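**Q** Quick one: structure below, then a few questions.
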Amino acid sequence: MPGLTSIGVLANPTNPNSAAEVKDVEAAARALGLAYHLANASNEREIDAAFASLAERRVGALLVNADAFYSSRREQFGALTARHALPAMHQLREFVAAGGLMSYGASITDAFRQAAAYAGRILKGAKPADLPVVQSTKFELVINLKTARALGLTVPLTLQAAADEVIE
């Protein structure tokens with residue numbers, strides 16, 4: 001984001017992982033010399049109010065923390081980012097398909113495949129305690145060019161080429 005001076009972060013205060021994520025993003029914003037604005041939302045109405053508050057503060061971009069409740073509201077997020085013209089970064093591609101600008105995070109499809117493989121091993125007699133802990137190894141960068149155009153942004157071709165998926 002050329003000329004970015006401030007970033008908004010949307011977090012669910014009822015999520016136990018939220019505080020650590022917020023602390024990390026705040027430190028990164030400070031290191032980059034960006035003004036930082038936190039908005040908390042844990043229900044549908046608070047999401048609307050948080051977007052309005054961040055737009056009023058004229059944040060230049062929005063980072064949405066990972067949250068299962070937020071995932072269930074991705075259509076609402078897409079509509080609000082469009083209404084408030086906020087470029088938003090998410091963890092999951094599903095938000096980008098709903099109108100978010102971009103996402104970078106673990107592939108949910110790949111995680112489900114890993115879970116299915118684990119279930120298969122257990123059904124074949126493996127003891128769960130004997131199975132190694134695995135983490136996602138496939139991460140996806142997804143960009144929504146339609147959203148970028150609506151926001152008046154140009155996504156560099158090098159970034160588009162690096163993306164796992166570009167939504168036209």
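Readers should treat all values here as calculations from the given coordinates under stated rules, not as data from a laboratory. Model, not experiment: these values are computed from the prediction. Ideal geometry is used to build each Cβ from the backbone, glycine not excepted, and the neighbour counts take in all protein chains shown.
**Q** Would you mind counting up the charge near Glu168? Only other residues with Cβ under 14 Å from its Cβ, with Lys and Arg at +1 and Asp and Glu at -1.
**A** Values: positive: Lys146, Arg149; negative: Glu165.
The answer is +1.
**Q** Taking 7 Å along the Cα-to-C-beta vector as the label spot, tell me the Thr158-Glu46 distance in nanometres, rounded to one decimal.
**A** Rounded to a tenth, the inter-label distance reads 4.0 nm.
**Q** How many nm separate the modelled label positions at Lys124 and Phe112, each set 7 Å beyond the Cα in the direction of the Cβ?
**A** Computed distance between label sites Lys124 and Phe112 equals 2.2 nm.
**Q** Charges at C-beta only: +1 for Lys and Arg, -1 for Asp and Glu. How large is the resulting dipole of the chain about its Cα centre, in Debye rounded to 20? Present the calculation step by step, with values, prior to reporting the outcome.
**A** Details: 16 positive and 16 negative charges, 29 e Å.
Taking the Cα centre of the chain as origin, the dipole is about 140 debye.
**Q** May I pose another question? Over the chain, with a Gaussian network built from C-alpha contacts below 10 Å, which listed residue (Val64, Val22, Val96) shows the highest mean-square fluctuation?
**A** Of Val64, Val22, Val96, the Gaussian network model singles out Val22 as fluctuating most.
**Q** Quick one: how many lysine pairs in the chain have C-alpha atoms under 28 angstrom apart, if they're 8 or more apart or on different chains?
**A** Values: Lys23/Lys138; Lys124/Lys138; Lys127/Lys138; Lys138/Lys146.
Final tally of qualifying lysine pairs is 4.
**Q** Still on this structure, please answer the following. With angles folded into 0 to 90 degrees, how steeply does helix 44-56 sit against the dominant principal axis of the chain? Use alpha carbons for both and round to 10.
**A** 40
**Q** List the trypsin sites (Lys or Arg not before Pro) within segment 1-105 that fall in a DSSP loop (any state other than H, G, I, E or B) and whose Cβ has at most 14 other Cβ atoms within 10 Å.
**A** On the way: sites: Lys23, Arg30, Arg45, Arg57, Arg58, Arg73, Arg74, Arg83, Arg93; in loops: Arg57, Arg58, Arg73.
Filter output for segment 1-105: Arg57, Arg58.
**Q** What is the log10 of I(q)/I(0) for the chain, computed with the Debye formula using one identical point scatterer on each Cα and no solvent, at q = 0.14, 0.15, 0.16, 0.17 Å⁻¹?
**A** Once normalised to I(0) and log-transformed, intensities are -0.77, -0.86, -0.96, -1.06.
**Q** Let me ask something else about it. Okay, helix-only estimate at 222 nm for the chain: each DSSP H run of n ≥ 4 adds -39500 (n - 2.57), divide by all residues, round to 500 deg cm²/dmol; what do you get?
**A** Numbers: 8 runs with 75 residues, N = 168.
Theoretical 222 nm ellipticity from helices: -13000 deg cm²/dmol.
**Q** Could you tally the net charge around Leu153, taking each other residue with its Cβ under 15 Å from the Cβ of Leu153, Lys/Arg +1 and Asp/Glu -1?
**A** Details: positive: Lys146, Arg149; negative: Glu168.
Result for the local shell: +1.
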